[in-house]
Amino acid sequence: QVHLVQSGGGLVQAGGSLTLSCAISGSSLRPSAIAWYRQAPGNEREWVAGISRGGSTNVEDSVKGRFAISRDNDKDTVYLQMNSLKPEDTAVYYCKLPHLGIDYWGQGTQVTVSS
C-alpha cells in the first residue's frame, strides 16, 4: 500500500518562504516521477511542479524562479521549496505519485500567504 504523507505549510507573509515535504512509503520513489499540485478555493486543482524519473524538473510559469522541486531518494521524500510567496499562492497543496496505473495523493497541506 502506497502512502504519501505531507508536512510543512502554514501561514506566511507575502515575500516569505515555506518548504513542503511529501514522504512516501510502500513504494520506492526512485523509479517514479512525482508532482506537486495546488487547489485554491473555487478553482480547479492545478499542476505546480514535477520531477521526472531522471531528476529533471519543471515548474509552472507563474512560480518559475520562486518555487523549486527536489527529492531525496534515500529518504523517499520530495520537497517543494517556495520562495517570494504571493497571496495568489494561497491554496491547498498536494503531492501526487503515479504508481502502477494509479495516482496516489498526499492528504493536502494548506498554504496561506497574507498580504
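Annotations
- Whole-number percent relative contact order across the chain, with pairs defined as alpha carbons under 8 Å at least 6 apart: 36
- Each 5 Å bin from 0 upward holds the following percent of the Cα-Cα pairs of the chain: 2, 13, 24, 26, 19, 10, 5, 1, 0.
- Residues with amide H under 5 Å from that of Thr90, placed H, sequence gap 5 or more: Val113
- Put a dot 7 Å past the Cα of Asp72, heading toward its Cβ, do the same for Ile102, and the two dots end up 2.7 nm apart.
- Note on the chain: with neighbouring protein chains present and a 1.4 Å probe, carbon and sulfur make up 48 percent of its accessible heavy-atom surface.
- On full extension, the segment bounded by Glu46 and Val2 gains 13.6 nm, given 0.36 nm per residue less the C-alpha separation.
- Accessible area per residue for the chain, computed on protein heavy atoms with a 1.4 Å probe, is 52 Å².
- Long-range HN-HN contacts of His99 with modeled amide H, under 5 Å: Tyr104
- Between amide H atoms placed 1.01 Å from N, distances below 5 Å from Phe67 occur with Asn83, all of them 5 or more places distant or on a separate chain.
- Euclidean distance of C-alpha centroids, the range 46-66 and the range 5-26, integer Å: 16
- When +1 charges are put on Lys and Arg Cβ atoms and -1 charges on Asp and Glu Cβ atoms, the dipole computed for the chain relative to its Cα centre reaches about 160 debye.
- Candidate aspartates and glutamates for bridging to Lys96, where Cα separation is under 12 Å - those fewer than 8 sequence places away on the same chain excluded: Glu46
- Computed E for Asp61/Ser84 - FRET, C-beta separation, R0 22 angstrom, nearest 0.05: 0.90
The values are calculated or read from the model by the stated rules, or taken from the named source; none is laboratory data. Not measured: the values here are computed from a predicted model. Neighbour counts run over all protein chains shown; Cβ positions are idealised from the backbone, glycine included. Heavy atoms of the whole protein, side chains included, go into the accessibility calculation; ligands, DNA and RNA do not. Shrake-Rupley method; radii C 1.70, N 1.55, O 1.52, S 1.80 Å.
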